[in-house]
Amino acid sequence: MRPESIAALRRARDLIDRQYAEPVDLDAMAGAAGLSRHHFARSFRACFGETPGAYMSRRRVERAKDLLRSANLTVTEICLMVGFQSLGSFSSRFRELVGCSPTAYRDRQRVSAG
């Protein structure tokens, strides 16, 4: 992959990192990279090893983990705050990436913190 292509894909990844809680669609991501949506999706996966959507949901779960450890918010509040549209999709993706439910994760963190 050419360096200018990688730089363009990094611009799109930076957009996702900045606006993970917003409903950023594939067209906006592709626009940040200056590519068509289909070429962008293929190139993003080839460069970063996951689809743009998977990257965004992983970033959202990472932020949710931070909030579950540190904030006095409900799981539903955190779910919406990090950009998921439903508690079910948030919980499923969280369990897939972390290996437990958001509530179980929070409980484990509280126990380990003392």
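The values are calculated or read from the model by the stated rules, or taken from the named source; none is laboratory data. No experiment lies behind these values; they were computed from the predicted model shown. Reconstructed Cβ throughout: ideal geometry from the backbone, glycine too, with neighbour counts over all protein chains shown. Accessible surface is based on the protein model in full, side chains and every heavy atom, while ligands, DNA and RNA are left aside. Shrake-Rupley method; radii C 1.70, N 1.55, O 1.52, S 1.80 Å.
Probe radius 1.4 Å, ligands and nucleic acids ignored: give me the carbon and sulfur share of the accessible area of the stretch 16-114 as a rounded percent. Reported share for carbon and sulfur atoms: 50 percent.
By the combined test of axial Cα extent (at least 15 Å) and Kyte-Doolittle hydropathy (mean at least 0.0), the qualifying DSSP H helices of the chain come to 87-98. The figure for Asp17 is an accessible area of roughly 50 square angstrom, using a 1.4 Å probe on the protein chains alone. Once the Cβ-Cβ distance of Leu26 and Ser86 is raised to the sixth power relative to R0 = 22 Å, the FRET efficiency obtained is 0.65.
Averaged over its residues, the stretch 36-114 has an accessible area of 57 Å² per residue, based on protein heavy atoms and a 1.4 Å probe.
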